[in-house]
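Worksheet: one structure, shown below.
Bear in mind that the values in this text are calculations on the coordinates, not laboratory data. Owing to the predicted nature of the structure, the values given are computational and were not obtained by experimental measurement. Backbone-built Cβ (ideal geometry, glycine too); neighbour counts: all protein chains shown.
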Amino acid sequence: MSEIVYLRMKRNVEMIGLQAVQLRHIALISTPSQFKRELEKTTLYRISKEDRNIVIIDSFLVIDHLNSLYPGIEFQLIGPSQTIIRITKRKKAPSILIVSFVWLLLFIGTAMTIMNFHYDVSMQEVQQKLHYLLTGEQEEYPLWIQIPYSFGLGIGMLLFFNHWFKKRFNEEPSPLEVEIFNYQQDLDQYVSYYENKLNDNKPIH
Amino acid sequence: MIINLFINFIEIIIGLAGGLAVGCGFVAFLTVLGIIPRLIQLSKSQSLLRVYGACVIAGSIFGTYISFTNITWSQPIFVLVLWGGLHGIFNGMLAAALTEVLNVFPLLSKRIGLEGHLLWLLMAIFFGKIAGSLFQWMYFVK
């Protein structure tokens, strides 16, 4: 009777620098076999300079390699069918200068877009008319509407994003987090197709 | 007389057609931005979906009425503050939805590697909107 090894590939792995990729880095395995330790230490791939940022390890190649090393063991794959290895030089925090620049960019940018938007929809005129309609007095600068409006603008955005600095209003992910997750997933899907050597359509010599 | 009736009839057709087009567009716009689902999610009131639909329609018709009428109501300032505040919250959600749809944030976080500072950037937009709006109403237009 052959022993069964269950393999679950990890979806995303970050590795630092050029190193050998072992099975335990990219997959979780479950098996009654006494080879478990040995299996986990099996080297599958060596990251080289040509790999640059991303390497895709396809589960087919992993099983192929393991089969040739351990002929008596049966491998069963569960979970994702490839692992994306992102090679990072060293974790470095983005400089405070860049962060503050982006902060200022967003601050000025949003301030300008909201002003342009107000002009675009003639909000001043609408609010003047509204002020007249509600109170019966003509007022060129209906600040009693406009100042609460301005703060409401911020509150509305907070409600939408579900965040006030680190504090959240409830457990649900905000649309922003969902959007970032989706974007990441799209990227992953793209690279796992185009960076995967098995998907090359070139004829094999 | 007959010509007058005919012109009235054409006006009715034009008005109705214009209203239909604008109404469809407006609802489509609100739907695409996803403000209503977001509000439902926040208030956990899935069952009231029909009520919200009716609210949007009633609000649109009421808005149309006050943009064409010329009456006044002599309300206290409190009503103005409430009105402005609600208007702001709604517009804030609208603006937030637009920013998000444009995918500025996922790009920023990936490209420049600002994953850890995302909330600060969110606050930049938040304060930018308030500051821009206050600046415009209190200084810029005067």
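Data for the structure
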quantity	calculated
One residue from B:98, B:118, B:108, B:86 being within 7 Å of chain A (Cβ to nearest Cβ), in contact with a Leu (Cβ under 9 Å, 6 or more places away or on another chain) and under 26 Å from residue B:38 (Cα atoms)	B:108
Residue match in region A:139-154 (condition: among the polar types (S, T, N, Q), buried (at least 17 other Cβ atoms within 10 Å of the Cβ), free of Cβ contacts under 8 Å to residues at least 60 places away in the same chain and more than 7 Å from chain B (Cβ to nearest Cβ))	no
Any hit, region A:113-132, residues being part of a helix (DSSP H, G or I), under 23 Å from residue B:124 (Cα atoms) and touching a Phe, Trp or Tyr at 6+ places or on another chain (Cβ under 9 Å)	yes
Qualifying position, being of a type in the set (A, V, I, L, M, F, W, C) and surrounded by 15 or more Cβ atoms within 10 Å (Cβ to Cβ), among A:69, A:28, A:106, A:18	A:106
Matching residues, region A:93-112, being of a type in the set (A, V, I, L, M), facing another protein chain (nearest Cβ under 7 Å) and over 25 Å from residue A:151 (Cβ atoms)	A:98, A:99
Residue match in region B:41-48 (condition: within 29 Å of residue A:176 (Cβ to Cβ), among the basic types (Lys, Arg) and away from chain A (no Cβ under 14 Å))	no
Some residue of region B:52-75 being more than 18 Å from the chain's Cα centre (by Cα), farther than 27 Å from residue A:176 by Cβ, assigned to a helix (DSSP H, G or I) and more than 14 Å from chain A (Cβ to nearest Cβ)	no
Residue identified as among the aliphatic types (A, V, I, L, M) and crowded, with 19+ Cβ neighbours inside 10 Å among B:77, B:130	B:130
Matching strands (runs of 3 or more DSSP E) fully within region A:1-107 where at least 2 residues are closer than 30 Å to residue B:117 by Cα and among the hydroxyl-bearing types (Ser, Thr, Tyr)	A:82-88
